[in-house]
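Worksheet for the structure shown next.
The values are calculated or read from the model by the stated rules, or taken from the named source; none is laboratory data. All figures in this text were calculated on a predicted structure; none of them were measured in a lab. Methodologically, a virtual Cβ is constructed for each residue, glycine included, from the backbone with ideal geometry; neighbour enumeration extends over all protein chains shown. These accessible areas exclude ligands, DNA and RNA; they are computed on the full protein's heavy atoms, side chains included. Shrake-Rupley method; radii C 1.70, N 1.55, O 1.52, S 1.80 Å.
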Amino acid sequence: MSKIILTGDRPTGRLHIGHYAGSLRGRVELQNSGEYDKIYIMIADAQALTDNADNPERVRQNVIEVALDYLSVGLDPTKSTLFIQSQISELTELTFYYMNLVTVSRLQRNPTVKNEIQLRNFETSIPVGFFTYPISQAADITFCKATVVPVGEDQLPMIEQTKEIVHKFNAIYAPENPVLIEPKALLPQAEACKRLPGTDGKAKMSKSLGNCIYLTDSDKEVKAKIMSMYTDPLHLQVSDPGHLEGNTVFTYLDAFARDEHFERYCPEYANLEEMKAHYTKGGLGDVKVKKLLINIMQEVLEPIRMRRAQFETDIPEVYNILKKGSDAAREVAAQTLSEVKSAMKIDYFEDAELIKAQSALYAK
Ligand code: TRP
């Protein structure tokens, strides 16, 4: 069986280092591992519109931002198919048929949807499109018969829902010759990468909280944000023992520091473990830890900024990449849709047997 990856993001804002640690870095590694037959990376603009129906300009603007972020972290259009969800009309058709396989109560139980409804104060007026986006996400994942979906933890209920749809579809329409493939989720390995907190120590990086470090932040902005980061409120004097639990600077180091960084920027410690030991014992100040983090983040972000600057000089080429990717995705989606329709017995004009059989029936 082919190994196929699909994943994507809603274009509602620029991507930040939480996205990088949690998914982008891993995607680039998967891409460059050469272990996958196909990799699809989707800009989920149609999904973004399910809760931004009144703000199409926001979505449109962020499509190009996210595309630039993708290219700048090293997603390579010669190896990965980058495409825009709304350009694949077959996805809406698949969604429509999958809707018959999902109950309202099942959607209501989806924890991610539940949570998002609360966050958006949708309780009394949930747009139907938003409510059903897990079904459209199943279409996203199945159109290319993805086997692996690299995502964050919050997306696990979507993969679960997709698996149920695939199972039901195959059981009803294609019991002998399964048409759809059940995907597996792939989570980031390191705990710190699963959900990088905001610079203020709050659970999540979010644009509205103003606690993000963006991939596009300048050297100076990154420095200022890290210097004002939340650490350990009990660590007042350098000599005080420090705490690592909930200490955002150390969480970021967990996500980004490698041993060679210590050699380069902080040679008195061999690795993060030694630095942590000193910090908890007392005698290590926050500023020194923050300076290390600044150096590491600059090293991570600099090549990303350079690649972005390069792509920014040729925006038509970025759109061209997305167009080519969308054309390629569409071809694959058309093939799957035709298999789906034929399994569902709605392929009237492609089925020569049908016409023959009906003729025979009426010939008498
Ligand atoms: N729901 C994802 C997010 O909010 C975006 C997305 C849409 C997606 N379709 C997908 C992710 C399919 C993985 C697979 O970021």
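Okay, here's what the table says:
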{"read-out": "Percentage relative contact order, the chain, counting C-alpha pairs under 8 Å, at least six apart", "value": "21 percent"}
{"read-out": "Projected area, mean over directions - the chain, Cα convex hull, nm²", "value": "22.3 nm²"}
{"read-out": "Packing-based ranking, highest mean first, of 7-15, 207-215 given that Cβ atoms within 10 Å are counted", "value": "7-15, 207-215"}
{"read-out": "Accessible carbon and sulfur surface of segment 136-275 relative to its total accessible area, %, 1.4 Å", "value": "52 percent"}
{"read-out": "DSSP bridge orientation in the chain - percent antiparallel, rounded to nearest 5", "value": "5 percent"}
{"read-out": "Table column - 3J(HN,Hα) (Hz), segment 237-244, Karplus curve with 6.51, -1.76, 1.60, x for Gly and Pro", "value": "9, 4, 6, 5, x, x, 10, 8"}
{"read-out": "Whole-percent carbon and sulfur share, accessible surface of segment 18-116, 1.4 Å", "value": "49 percent"}
{"read-out": "Relative contact order computed over segment 246-296 (Cα-Cα under 8 Å; 6+ residues apart), in percent", "value": "41 percent"}
{"read-out": "Two-site label geometry, Ile64 and Lys291: point separation in nm, points 7 Å out along Cα→Cβ", "value": "4.1 nm"}
{"read-out": "Charge dipole magnitude, Cβ of K and R +1, D and E -1 - the chain, Cα centre, debye nearest 20", "value": "400 debye"}
{"read-out": "Estimated [θ] at 222 nm from DSSP helical runs (n ≥ 4, -39500 (n - 2.57)) normalised by residues in the chain, nearest 500", "value": "-16500 deg cm²/dmol"}
{"read-out": "Using a Förster distance of 35 Å, the FRET efficiency for Val104-Asp54 (Cβ separation, nearest 0.05)", "value": "0.90"}
{"read-out": "Per-residue ³J(HN,Hα) for segment 198-207, Karplus 6.51 cos²θ - 1.76 cosθ + 1.60, θ = phi - 60°, Hz, x for Gly and Pro", "value": "x, 5, 8, x, 5, 4, 9, 6, 8, 4"}
{"read-out": "Longest to shortest principal axis, alpha-carbon extents of segment 159-282, angstrom", "value": "69, 34, 27"}
{"read-out": "Selection from Thr103, His261, Gly325 lying farthest towards where the dipole of the chain points positive, charges on Cβ", "value": "Thr103"}
{"read-out": "Under-5 Å amide H pairs with His16, H placed in peptide plane, nonlocal only", "value": "Leu215"}
{"read-out": "Convex hull volume per residue in cubic angstrom - Cα atoms of segment 221-266", "value": "105 Å³"}
{"read-out": "Kirkwood Rh and Cα Rg combined as Rg/Rh, segment 124-208", "value": "1.09"}
{"read-out": "Heavy-atom accessible area per residue - the chain, 1.4 Å, Å²", "value": "51 Å²"}
{"read-out": "Net charge of neighbours whose Cβ lies under 10 Å from the Cβ of Leu209, counting Lys and Arg as +1 and Asp and Glu as -1", "value": "+2"}
{"read-out": "Options Met158, Cys144, Pro183, ranked by Cα towards positive dipole end of segment 137-188, top entry (Cβ charges)", "value": "Cys144"}
{"read-out": "Listed residues Met344, Gln298, Ala334: farthest to the positive end of the dipole of segment 251-352 (Cβ charges)", "value": "Gln298"}
